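Structure, as structure tokens:
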Ligand SMILES: C[S@@+](CC[C@H](N)C(=O)[O-])C[C@H]1O[C@@H](n2cnc3c(N)ncnc32)[C@H](O)[C@@H]1O
């Protein structure tokens, strides 16, 4: 980087040529401008009739030095200007390539290619809300939902907590052809998810609400749900375990994501303490998705011990004592899990 003034923002040098330069000339121009910034891009514009070279840097380029660098190459005048403040992460993500996840195909608004006929297609841009399908936590949920659908289970009332862009709510609405509620505690996400629902033709099928966990009155009033997705993080999932257990229907499934493999045990324990158990799990890189269901109660499991003859009573007593011991262990486990839930 050559001399200049630090501004805290970005600066750009833009050189537009009203023609497509020869390869050699283009390279010379790029080499001359490259030292003035940290990133250079060079591309055709105006349907290939013209060319643009852009250099971005954190320091204001010195006009005299830029002119001096270009002078030996001809009569060129580059524009130097501060770059307007932007969310650069969102900007760079906007152009992410489309992707497939199980039966889903997700693309941004910039996608101009053909859309697959045999997939459920969503248009979702990266921006203020999380959930373009690229992150393992989202992808894992999409794959888990696809597996539930493949198993033939029918879901009539799904709920998506921490909906972000709305992607999982849309996935459930399309997979199971039912209305879905999506909730998020972030106002921007709620706005974005509503916009995305309209964009994807799901405005009337997906209702997006501002909700901290399961607190929104509309969610409490609609419970029980037979399918709940929650891609949040391990600690909020643990904290929300009792509320999830309250809204999940008897044969329901809960798809939990946002946890790392090494957090599985704690998340599972907190939910086991609420009467849920693991149905299946998916692992994508270091991330894990847990699919839970209600634990089936084994009715009358201890009854035979009461019918033992006197001779067997002492053995039965031991069994009962063992059973009692294991129950109190379960109780301890519950307390530990509840504690870990509260702690987090
Ligand atoms: C990891 S993103 C998941 C977005 C999307 N569901 C996906 O799978 O890609 C987590 C989302 O949960 C929201 N969130 C975090 N804690 C929450 C809570 N307690 N209640 C509701 N939403 C929450 C965040 O605002 C964020 O939009």
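Every number here is computed from the coordinates shown, using simple stated rules; none is lab data. This is a predicted model, so every value here is computed, not measured. Heads up, the Cβs are rebuilt from the backbone with ideal geometry, glycines too, and the neighbour counts pull from every protein chain shown.
Protection proxy ranking, highest mean first, for peptides 255-266, 105-116: 255-266, 105-116, where packing is the per-residue count of other beta-carbon atoms within 10 Å, averaged.
Round to a whole angstrom and tell me the spacing of the C-alpha centers of segment 221-271 and segment 20-80. Their Cα centres are 54 Å away from one another.
Would you work out if segment 58-157 is rounded, prolate or oblate? Take a ≥ b ≥ c from the square roots of the eigenvalues of the alpha-carbon gyration tensor; rounded if a/c is under 1.5, else prolate when a/b is larger than b/c, oblate otherwise. Taking the square roots of the gyration eigenvalues as a ≥ b ≥ c, segment 58-157 is prolate. For the listed peptides 51-62, 234-245, a ranking on the average number of other beta carbons within 10 Å per residue, highest first, reads 234-245, 51-62. Ordering 275-285, 169-179, 128-138 by mean Cβ neighbour count within 10 Å, with the highest value first, yields 169-179, 128-138, 275-285. Using 0.36 nm times the number of residues separating residue 67 and residue 218, minus their current alpha carbon distance, what extension gain do you get? Fully extending the segment from residue 67 to residue 218 adds 48.0 nm.
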